[in-house]
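Take a look at the structure below.
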Amino acid sequence: MGEAQSALFPNYARYPFTFVKGEGSRLWDENGKEYLDLMCGLAVTNLGHAPKRVTERLKEQADTLWHTSNLFHIPGQEKLAELLVANSCADAVFFCNSGAEANEAAIKIARRYFSKVLEQPERYEIITFDMSFHGRTLATLTATGQEKVKEGFAPLPAGFVYAPYNDAAAVEKLISPRTCAVMLELVQGEGGVNPAEPGFVKTVAELCERHGLLLILDEIQTGVGRTGKMFAYEHYGIEPDLFTLAKGLGSGMPIGAMLGKEKLRGAFIAGSHGTTFGGNYLSTAAGVATMETMLEEDVPAKAAAMSDYIFSELKTKLAGNPLVGEIRGLGMLIGIGLTVPNTELIKSIHEQGVLVVPAGPNVIRLAPSLLISKEEIDRGLETICQTLAKAAAAAV
Ligand SMILES: Cc1ncc(COP(=O)(O)O)c(C=O)c1O
């Protein structure tokens, strides 16, 4: 049914598929046709569809207790927070339901830290980056450095300024007596799979240190093993003051998290911030089972090895193809830059039963399960590379 006739708001341009079953890297549509999933519901099902341990824990939890509210202690929340703190640079965690909410919480705690803990309320401005994506709430879409997500939503909250990505000198120029934080994606996912350069990240971290600014990393897309480390900041030899997670954390159960260093703990007091559903029994059961699987099976290391293989295969198979520009990314977040628009090519790849997703108008984004098999990835890469080869041949 077209959305114009359905009871839904028409705010998504949906692909013409309806999936009814998923297992590992495979999805089946309502006609029983099988698809190879190289996008993972937008970098969410990092362990594949219906991962055993997560499915079993969710079933157990569903039989026991779903929700009580954050007025009470929630053991799954404590357990997931402990796992995250033990395996990251953070000391405290706040749970919510989505990436946008995690970033909203980071923006709020940054402002409150300056206003209430440091007693410098005049420092509220956050430096973000051109082509970034931080979410769809009013504050996070304002933080986002892309005009298209802001159209029609004015007036937007004050307090955000934008630097070109990978330009530390521009960041330095934007620092003023109003600045409280820099908010950064280490790989811009939605903005085109653009990895941050190591020198840029190091300099930004030093600038934050020197000027007493908070470094906030948006790891919504890069976190939980996606880049071949548990968190992308581990690649860069720096530690953020705050970072945010969502997508991969619950294997598809909605959950988001804001994680921060000890000095930020007192910036939220009872009543400062909250959510009815955030971190409930079901979502944290999924989160605990996901993190335990990641840790016990060393999934990030497996992702790093598979990523090396994918990059090397893509570089060999796409060498000399005039439609292909830069192949870039980090770990299992990979962009094939094109010299032409991506829409028709992605449509053709989909029709051959392989699911990939755009990042901007000229990039084919791959975000496969971190546990995808070599046979599956070979099949997917063959389809993509053949499609691009045929399109190049047709273009001459
Ligand atoms: C880097 C980044 N931040 C924030 C978000 C927003 O997350 P959500 O859609 O869960 O609100 C996304 C979603 O794509 C993202 O990629």
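Shape class of region 216-306 from the Cα gyration tensor (axes a ≥ b ≥ c, square roots of the eigenvalues): oblate, since a/c reaches 1.5 or more and a/b does not exceed b/c. As a check on your grasp of the helix formula, calculate [θ] at 222 nm for the chain: sum -39500 (n - 2.57) over DSSP H runs of n ≥ 4, divide by the residue count, round to the nearest 500. That comes out to -11000 deg cm²/dmol. Counting neighbouring Cβ atoms within 10 Å and putting the fewest first, the residues LEU42, LEU366 line up as LEU42, LEU366.
Tally Lys/Arg at +1 and Asp/Glu at -1 over every other residue whose Cβ is under 15 Å from the Cβ of ARG136; what's the total? Here the charged neighbours net out to -3.
Centroid-to-centroid, using Cα positions, region 54-103 and region 178-217 are 27 Å apart. Between the beta carbons of HIS73 and GLU326, assuming R0 = 51 Å, the FRET efficiency works out to 0.55 to the nearest 0.05.
About the centre of its Cα atoms, the chain shows a dipole size close to 400 debye [charges on the beta carbon of Lys, Arg (+1) and Asp, Glu (-1) only; nearest 20 debye]. Once the chain from THR276 to ALA395 is taken as fully extended at 0.36 nm per residue, the excess over their C-alpha distance is 37.4 nm. Does a label point 7 Å from the Cα of ASN31, set along Cα-to-beta-carbon, have any residues of region 341-376 with amide nitrogen under 18 Å, and which are they? Label zone hits: 347-355. Annotation for LYS202 and ASP308: the two label points, set 7 Å from Cα along the Cα-Cβ direction, are 2.3 nm apart. Compared with the direct C-alpha span, the chain from HIS211 to ILE269 gains 18.3 nm at full extension, assuming 0.36 nm per residue. Between GLN5 and GLU296, the modelled label-to-label distance comes to 4.8 nm, taking each label 7 Å out from Cα in the direction of the beta carbon.
Once the chain from GLU262 to ALA158 is taken as fully extended at 0.36 nm per residue, the excess over their C-alpha distance is 34.7 nm. What does the charge count around ARG178 come to, taking other residues whose C-beta lies under 11 Å from its C-beta (Lys +1, Arg +1, Asp -1, Glu -1)? Charge balance near ARG178 sits at -1. Look at MET332, MET230 and count the other Cβ atoms within 10 Å of each Cβ; fewest to most, that gives MET230, MET332.
Quick note: the coordinates plus some simple rules give every number you see, no bench work behind them. Just so it is clear, the structure is predicted and the values come from calculations on it, not from any experiment. Backbone-built Cβ (ideal geometry, glycine too); neighbour counts: all protein chains shown.
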